[in-house]
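The values are calculated or read from the model by the stated rules, or taken from the named source; none is laboratory data. Nothing here was measured: the structure is a model prediction, and the numbers come from that model. All Cβ positions, even for glycine, are placed from backbone atoms using ideal geometry, and neighbour counts span all protein chains on display.
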Amino acid sequence: MLTQAEERLRLLTDVSSLLASSLDHHITLQDIAHLLVPTQADYCRIALVDEQQQIKEVTVNHIDPEKNDLVRALYEQYKDLPNTTYGLPKLLNTGKAELISDVSENVLEMYRENPELLAVLQALGLKSYMGVPMLAHGKTVGAIVLSSIQSGRHYEEDDLLFAQEIAQRIALALDNARLYEEAQAEIAERKQIEQHLRFLSEAGKLLASSLDYQTTLKNVARLAVPHIADWCSVDMKVEHHIEQLAVAHVDPKKVQWAEELRRSNPPDPQSSYGLPNVLRTGCSEFYADISDDLLVAVSHNEEELMLVRKIGFTSTMIVPLLVQGKAIGAITFVSAESGRHFSSTDLSMAEELASQAAMAIDNAWLYQQAQQAVHLRDEFIATASHELKTPITSLKLYTQILRKQLTKLGEEGMVRAVLKMDAQVTKLTSLIADLLDVSRMELGKLTFQEEAFDLNEVIKEKVEHVQATTAQHQIRIEGTCMQLVWGDAERIGQVMTNLLTNAVKYSPDADEVLVSVSSEQERVVVRVQDFGIGMEQAHLPHIFDRFYRVNDPAEKTYPGLGIGLHIVHEIVTRHEGTMSVVSEKGKGSIFGFSLPYAPAQRKNSASPLDKENAII
Ligand code: ADP
């Protein structure tokens, strides 16, 4: 026979090992209630309270299992009694233990006012009673109530102390379980936030990677499943209807099915909930928990209800794509087979994604508009320069006829005037030719007539030509090209003319322009150096851009369109050559270009004839 002390020690050990064995207090409390009955009581109740001190759970065990309902009814009777003077609610209110060693008729007398409660107490045959609060860190987390009936046990002070010891252990274990749960929840939340951030960063990269926003949004939808949602779809408002741009699910068959479903059941734009509503109001819709009642409420007909039930929605969120405050589309996230329920953190993530996506769409639209404007401008330049060509050609012809006639008539003064006119017409012709070249370049229609040619000849001719336009500058050539060059001689001549004209134009106070030609192993390098106004370094990276001009308000303005160097760069690059520029403000500039004797493309198909053509 165990002594009472030994029995209690064993019970304490059993309770402790039970508490240590599981973090699931539901199971543990049930087991403890079984340990306490019948060793310590004929029936017991273990109650837990929530943060607001409301009873959230009562575990009951009666020596006679059939009476468990009666014990539960006891609490139900106590529950709504104001200022209860006995029992579980009082314990939880005061946080103080209570002991009624002998539940006499006098005690029961107190319940005369409440015949139902009295009936329950009498039915239970309560003889002795004690209740102890479970306290963790000064807070009541619940209570244990032990009652005696047929055993004839009468609780005394030492029984109460023992019950307090048990309550203390349970309270600590519960508190540990709570802390553990909180830590777990925190870890889960952190993991979820990390996953969201990773997703947002991946989606952000995708959105920034292309201006083709339709493909990008399809990829974003694909990226969202299955980690963020089981289904993800992107819809856009197109005039008066809603167009599904993308729908993603891990199972391609389901995607196909969803697409068919959308075709046969398009959303009603007037609907006051779901996608149409989000598109109309620009506000997100969020259903953390989708009940069957909701499905019934939102389905238009039996068939639709069957379909939505088949999908098995558990949670959904629809977030608008807002551009300048207006919803241009929406992203829908649906949780189904995973059984997940979206949280407010998920909603924030979805809204952040939608705002990134909307920005990408807006950028793509702006870019498209800019492209269209550029295209229109290019078309205009092409048409205008083409239209200008014919009248200018006849103007040129007539100035020549006029000059001949006036020379014959000996009108020298008039001849000089006509010559000036002719020079201006020539300038105009070359401007129009440049404009035509630029528009051809944009359309990829700049053609080349390639052959092996003598670069020295071309340089000499162009130097003479430009020299004739300036009396102030002396243009000198140093060095020669030692081999024939493969390419379009006329276009390379155009490069030379442009660089020489600029050198003269941008060195109004200088008297010299130097052209140096150096033959290297595989290529020739030509440099045109002037001693003119030069440029700040900041301009150099842009100098070959279309329409780029250096505008220094302090400088006098030079006429030009900012396309000459752009054409030069294109011609040289198309010959597999490179451009270089060195310049110093106030000191002058050196523009250089290199040309391979034979571009790689040509080398691959070189014929013996090319070698014969070489100078050395
Ligand atoms: P344009 O001379 O018609 O303006 P370009 O494309 O030939 O156009 O040149 C672009 C800009 O580069 C010019 O506006 C000018 O500011 C600068 N630039 C070109 N060549 C020189 C040069 N030799 N010295 C100084 N600046 C130059």
Any idea which of (1) within 23 Å of I242 (Cβ to Cβ); (2) surrounded by fewer than 14 Cβ atoms within 10 Å (Cβ to Cβ) is the one L366 doesn't satisfy?
-> (1)
May I ask you to list the residues in region 560-582 that are near the ligand (Cβ under 9 Å from one of its atoms), under 16 Å from L500 (Cβ atoms) and not in a helix (DSSP H, G or I)?
-> G560, V581
Out of all the residues in region 586-601, is one or more over 22 Å from T470 (Cα atoms), more than 16 Å from the ligand (Cβ to nearest atom), modelled with pLDDT under 85 and part of a helix (DSSP H, G or I)?
-> yes
In this structure, does T557 turn out to be within 16 Å of the ligand (Cβ to nearest atom), closer than 28 Å to E442 by Cβ and not hydrophobic (A, V, I, L, M, F, W, C)?
-> yes
Does region 444-454 contain any residue that is within 16 Å of the ligand (Cβ to nearest atom), out of contact with any helix residue (DSSP H, G or I) (no Cβ under 7 Å at 6 or more places or on another chain) and outside any helix (DSSP H, G or I)?
-> no
Checked L446, L455 against criteria (touching a residue at least 40 places away in the same chain (Cβ under 8 Å), farther than 24 Å from V550 by Cα and over 51 Å from the mean Cα position of the chain (by Cα)); the one match is L455
R178 versus (1) surrounded by 14 or more Cβ atoms within 10 Å (Cβ to Cβ); (2) in contact (Cβ under 8 Å) with a residue 60 or more places away in the chain; (3) within 30 Å of T345 (Cβ to Cβ): which is the lone unmet condition?
-> (2)
Residues satisfying the stated conditions in region 290-306, i.e. part of a helix (DSSP H, G or I) and under 32 Å from the mean Cα position of the chain (by Cα) = L294, L295, V298
Checked Q40, Q4, Q54 against criteria (within 24 Å of L121 (Cβ to Cβ) and without any contact (Cβ under 8 Å) to a residue 12 or more places away in the chain); the one match is Q54
Quick one: which residue in L206, L245, L211 is among the hydrophobic types (A, V, I, L, M, F, W, C) and in a loop (DSSP other than H, G, I, E, B)?
-> L211
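Yes/no per residue for (1) surrounded by 18 or more Cβ atoms within 10 Å (Cβ to Cβ); (2) more than 30 Å from A20 (Cβ to Cβ); (3) without any contact (Cβ under 8 Å) to a residue 12 or more places away in the chain; (4) in contact with a helix residue (DSSP H, G or I) (Cβ under 6 Å, 6 or more places away or on another chain):
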{"position": "E186", "(1), (2), (3), (4)": "no, no, yes, no"}
{"position": "K191", "(1), (2), (3), (4)": "no, no, yes, no"}
{"position": "S201", "(1), (2), (3), (4)": "no, yes, yes, no"}
{"position": "L207", "(1), (2), (3), (4)": "yes, yes, no, yes"}
{"position": "Q214", "(1), (2), (3), (4)": "no, yes, no, no"}
{"position": "V220", "(1), (2), (3), (4)": "yes, yes, no, yes"}
Has region 478-495 got any residue that is within 13 Å of the ligand (Cβ to nearest atom), surrounded by 18 or more Cβ atoms within 10 Å (Cβ to Cβ) and closer than 23 Å to F448 by Cα?
-> yes
Has region 404-413 got any residue that is buried (at least 16 other Cβ atoms within 10 Å of the Cβ) and modelled with pLDDT of 90 or more?
-> yes
Is one or more of the residues making up region 512-526 of a type outside the set (S, T, N, Q) and within 10 Å of the ligand (Cβ to nearest atom)?
-> yes
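Looking only at region 96-117, which residues are closer than 21 Å to A41 by Cβ and surrounded by 14 or more Cβ atoms within 10 Å (Cβ to Cβ)? Outline the logic, then answer.
Pass one, region 96-117, residues closer than 21 Å to A41 by Cβ: 96-104, 107-108, 111, 117.
Residues satisfying the conditions are A97, E98, L99, I100, S101, V103, V107, L108, Y111, L117.
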Does region 328-349 contain any residue that is more than 26 Å from L295 (Cβ to Cβ) and touching a strand residue (DSSP E or B) at 6+ places or on another chain (Cβ under 8 Å)?
-> yes
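Just one of V418, V458 is within 22 Å of V525 (Cβ to Cβ) and crowded, with 16+ Cβ neighbours inside 10 Å; which is it?
Details: V418 fails: within 22 Å of V525 (Cβ to Cβ).
None of the other options fit; the residue is V458.
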Scan region 222-261 for residues that are under 15 Å from L321 (Cβ atoms) and touching a residue at least 12 places away in the same chain (Cβ under 8 Å) and jot them down.
-> A224, C232, S233, V234, D235, M236, K237, I242, Q244, L245, A246
